[in-house]
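Any read-out appearing in this document is the output of simple, stated calculations on the displayed coordinates, not a laboratory observation. Keep in mind the model is a prediction, meaning the values are calculated, not measured. No Cβ is skipped: glycine too gets one built from the backbone with ideal geometry, and neighbour counts run over all protein chains shown.
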């Protein structure tokens, strides 16, 4: 058979990921902080976007019912709607408009007609007027670890060369107060002798808080013990064998330290009073609180009300009036293309944000419906749940549910949880009828280990027997895996810890 070339025409369908679709997918899996930052960036770039108040939010709450609401496609322009309907993430499926009765009946906070200017005087030194007083000027300044050490450096070292080395050493510290580089690397970076760095480091290791500029945990504890005049040969041997201390190997420590068991316990008590991370007292790291994306609360009729947290929903609108004015006055073709692109991007962003909000609400409502027992009875009533269970009911793709539940949190009467927390594997029962959530099994294992006494420490086999008596079919290796995931030591280690605590 001879090989020849020919030209054929074929018709087919394919999925094209446009930049707008990629943006919509990315918005789904963003956390609320990432979304706020993204929207602020878009507001700076696009002159047709305007940020409005949270009071204009159109996605409201409604009591949760057992029936799943109908899915309705979001209107889109041209061929984009067809692409949305067919793509694997099923972005076109959204819930119908939610009832607004609950939010409309809420009482509005009273408006207060007062100002700071009515309290103070008219002088610039004591006035509370907007231009004459700033509260931030009288707030106490937070001293960072670097600032605190710099002040001590200026008072303790007069040699300019050593001050330069000291400033570099301060710059290498991590949040815990440990050196981030070894002495040789610092000497090479500054082109100086290692001994000069060592001399400067020795002085700075006497700074407050005691333990800073340590090379590792052992060095940090040593510095604090030296400051307390408790670093004798027995304590030195204990610090050098922290791995045995972590395992509660007290008989071995007794031989290494050459003291009796009572002295070991006393020395361990002194170690516990030390600060393993002294730098955190002046840490620069700000802990970001978890802000829930969804709020769940009980309704008077015994059902659950699921609503989006308006504080996490950036609301933007397209300024069509400004668009009409600018497009009508534009003379150059490139200006017309630019303003048209801005309008298209702004319109798509508004639709994507609205769709993201409704999709999160739809997934959250179904999770709450299926985990109703958890909200009422607690973690032991958590049911096995996977992405398909939710996706099939709300008629979305599993990948959409996965993206929606990533980095999203829900506030419930039992606390704040990540949405992925409610998706757990199933553990079979001995009778083959019921199934148990893996998370509830972890909770039971933790309860059993917390309630055990020194005389009766439960091994993994003993835990298996107890769970089997309760109708839970589980293997020993699964118990060991769950125990390790909860950071629960082995039965031997727990016995040592309880004995040491007596």
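Once the Cα-Cα distance is subtracted from the 0.36 nm per residue extended length, the residue 273 to residue 380 segment shows a gain of 34.9 nm.
Between residue 309 and residue 217, how many nm apart are label points set 7 Å from Cα along the C-beta direction? Taking the two extended label points, one gets 3.3 nm. Placing R0 at 56 angstrom, the Cβ-Cβ distance between residue 203 and residue 455 gives a FRET efficiency of 0.60 after rounding to 0.05.
For segment 11-54 versus segment 483-499, the spacing of their alpha-carbon centroids is 48 Å.
Reported to the nearest whole Å, the Cα centre-to-centre distance from segment 460-475 to segment 330-396 is 41. Relative to one another, the C-alpha centroids of segment 441-456 and segment 234-275 are positioned 27 Å apart. Computed extension gain for residue 340 through residue 320, at 0.36 nm per residue and net of the alpha carbon distance, reaches 6.1 nm.
Length gained on full extension, residue 447 to residue 256: 65.1 nm, using 0.36 nm per residue less the C-alpha separation.
Contact order for segment 319-464, expressed relative to its length and based on alpha carbon pairs under 8 Å spaced 6+ residues apart, stands at 18 percent. Ordering 211-218, 447-454 by mean Cβ neighbour count within 10 Å, with the highest value first, yields 211-218, 447-454.
Take every Cα pair under 8 Å whose residues are at least 6 apart in sequence, average their separation, divide by the length of segment 424-501, and the relative contact order is 32 percent. In terms of its C-alpha gyration tensor, segment 145-282 has a prolate overall shape, because the principal axis ratio a/c (a ≥ b ≥ c, square roots of the eigenvalues) is not below 1.5 and a/b outweighs b/c. Computed on the Cα atoms alone, the convex hull of segment 424-501 gives a volume of 80 cubic angstrom per residue. With neighbours defined as other Cβ atoms within 10 Å of a residue's Cβ, the residues 363, 194, 39 order from fewest to most as 194, 39, 363.
A crude spin-label estimate for the pair residue 420 and residue 163, with each label 7 Å from Cα along the Cβ direction, gives 5.0 nm. Under 18 Å from a point placed 7 Å out from the Cα of residue 147 along the Cα-to-Cβ direction: which residues of segment 206-241 have their backbone N that close? Output list for this probe position: 208-209.
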